[in-house]
1. In segment 162-185, is there at least one residue being in contact with a helix residue (DSSP H, G or I) (Cβ under 7 Å, 6 or more places away or on another chain) and either on the phi > 0 side of the Ramachandran plot or modelled with pLDDT of 85 or more (or both)?
2. Just need a number here: residues in segment 14-55 that are of a type in the set (S, T, N, Q), over 38 Å from the mean Cα position of the chain (by Cα) and outside any helix (DSSP H, G or I).
3. What are the pairs with Cβ atoms under 6 angstrom where one residue, in segment 127-139, is of a type in the set (S, T, N, Q) and the other, located anywhere, is assigned to a helix (DSSP H, G or I) and modelled with pLDDT of 85 or more? Sequence gap at least six, or different chains.
4. Kindly check whether there is at least one residue in segment 101-113 that is among the basic types (K, R), modelled with pLDDT of 85 or more and in a loop (DSSP other than H, G, I, E, B).
5. Determine whether A54 is at pLDDT below 70 and surrounded by 10 or more Cβ atoms within 10 Å (Cβ to Cβ).
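The values are calculated or read from the model by the stated rules, or taken from the named source; none is laboratory data. Predicted model, so just to flag it, every value in this text is computed and none were measured. Using ideal geometry, Cβ is built from the backbone for each residue, glycine included, and neighbour counts are taken over all protein chains shown.
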Amino acid sequence: MTEHRNWEIERLLLEYLDALEIQDWDAYGEIWRQAETDRELETALRELHEGLLAEHAGPAGREQDAEAIRLLAAEHFPQRPEAEEQDELPLTAGDVAARLRADLASGAVRLRDADRQANDRLLGDATLIPDQLKQSVLDAWCARLNVHASREYWRMFRQAALRLVMARSHRQSRMAAARRPSPRKKEPKDE
């Protein structure tokens, strides 16, 4: 293979790697179409793939993938307190908004765009939820937040807050029951 030909194949391999990285499937397909009639290019592409597979399939590749996932998780899911610690923390507007966001992602609820924007504004809000979740108390609380959303949104917000309060109460009851010592069985007396 001449130096010029070698340079041409290396240039195509770099274009190919770029296409893979940015998921430009048209460029990817075009390079493979060229390889259909170019045995040297086809061989170079196959060797490149073998190297990529070896890099990602071995322990080093799995460790790199695991580290990338850990970094992404740390970036997108900040540390949360343990469940027991979290149950002791007061419920905030951000907690309820996060619950609604999860319900939205799962398809359990639907929000209008304006309500979704209001929910996004509440995500980081540390304002404590009122102890009483009666509608009149919640209406006054919502007015103080200065977040504008539809009546339907605030109805869903209240329902999510009630579910969170009940779930926390249930977990606390279960943990308290688990901490109680179980009564010991009396052993029969030998006569």
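1. So in segment 162-185, the residues in contact with a helix residue (DSSP H, G or I) (Cβ under 7 Å, 6 or more places away or on another chain) come out as 164, 168, 171-172, 175.
Those left that are additionally either on the phi > 0 side of the Ramachandran plot or modelled with pLDDT of 85 or more (or both): 164.
Checked segment 162-185: at least one residue is in contact with a helix residue (DSSP H, G or I) (Cβ under 7 Å, 6 or more places away or on another chain) and either on the phi > 0 side of the Ramachandran plot or modelled with pLDDT of 85 or more (or both).
2. Our first condition is that a residue be of a type in the set (S, T, N, Q); within segment 14-55, this holds for 23, 34, 37, 43.
Adding the requirement that they be over 38 Å from the mean Cα position of the chain (by Cα) leaves 34, 37, 43.
After this cut, where a residue has to be outside any helix (DSSP H, G or I) as well, the list is 37.
Residues flagged as of a type in the set (S, T, N, Q), over 38 Å from the mean Cα position of the chain (by Cα) and outside any helix (DSSP H, G or I) within segment 14-55 amount to 1.
3. Close Cβ pairs (under 6 Å, with a partner that is assigned to a helix (DSSP H, G or I) and modelled with pLDDT of 85 or more) amount to T127/A93.
4. Start the filter on segment 101-113 by keeping residues that are among the basic types (K, R), which leaves 101, 110, 112.
This time we only want the ones that are modelled with pLDDT of 85 or more, so: 101, 110, 112.
Those left that are additionally in a loop (DSSP other than H, G, I, E, B): 110, 112.
Within segment 101-113, one or more residues are among the basic types (K, R), modelled with pLDDT of 85 or more and in a loop (DSSP other than H, G, I, E, B).
5. On the way: at pLDDT below 70: no; surrounded by 10 or more Cβ atoms within 10 Å (Cβ to Cβ): yes.
When the stated conditions are applied, A54 does not pass them.
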